[in-house]
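These notes concern the structure reproduced below.
The values are calculated or read from the model by the stated rules, or taken from the named source; none is laboratory data. Because the structure is a prediction, the values reported are computed rather than measured. For neighbour counting, all protein chains shown are included, and Cβ atoms are generated from backbone atoms with ideal geometry for every residue, glycine included. Side chains included, ligands, DNA and RNA excluded: accessible areas come from the protein's heavy atoms. Shrake-Rupley method; radii C 1.70, N 1.55, O 1.52, S 1.80 Å.
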Amino acid sequence: MTLSCYHAVKRTTESRPSPAAMYINAVFVGDRSGSMASMGDVPAEGAADFLEKHKELADKNPDSEIWVTLVTFDNESFTAYSGLARDISPDVIARAKNAMRPRSTTRLIDTALEEIDKQQAKIMSARRRYHKIWARSPEHRDNVSARFSKEVRRLAPKIASSFTLLTDGADNQSHYKSRDLNEAIKNHQDEYETVCLFAAANQDAMNSGTQYGFTRERSLQIGNDVDEARAAFK
């Protein structure tokens, strides 16, 4: 029996698959407050998988600039990694897993707002850099981009970004309120064309996500035990 998704995951024609965007910026902000202990090692595994998958993406698309940021937070935030995906090493992954070890309280909103601001600054910088090249004459554009394939040049240029927020409880340390994050997330989606994802446990993820500005379609409910949490992360 042929799977309904067969054509989406298996090349069935001679045409090449579309290349990755020329610039990709992916941010993961993960809760490491004490209550996350109920999920065992799953959040740490999820952080490692986030880094590993983007490293694989960079290896398969050497012409793309892929910037990855992984931040964890309790009552303070900690940047476990912020750099090019191609530079992610086993040491980086080990440090990220350790950074997800549960401790202390929850500073969710302030941390998310800080990382959104930083990501937007990087996106704007990338837009200026890449569009400056493509805005010049066709002759100059061809010379500058000679090392890129036709598929990549056709993007002219494509910039992609994602922002993922993981939590398992209510904020109890932030200065800003949920309405501030709601406005920031909606602006991030609309003005910066960023795919914003919300993953939550120990609450109604759909309602919490909507309260924070995420769409229901991009809000993920995580189970409260280790097996359910692992399945949700995958």
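Worth pointing out:
- Net +/- balance of residues flanking Ile116 in space, Cβ distance below 12 Å, scoring K and R +1, D and E -1: -4
- Taking Lys and Arg as +1 and Asp and Glu as -1, the other residues whose beta-carbon sits under 12 Å from that of Ala58 total -2.
- The stretch 72-115: C-alpha gyration tensor shape, a/c 1.5 cut-off, then a/b vs b/c: oblate
- Order of exposure, largest accessible area first, which applies to Val71, Val195 with probe 1.4 Å: Val195, Val71
- Accessible-area ranking of Thr69, Thr215, largest first, probe 1.4 Å: Thr215, Thr69
- Cβ-defined net charge surrounding Ser208, 13 Å radius [Lys, Arg +1; Asp, Glu -1]: -2
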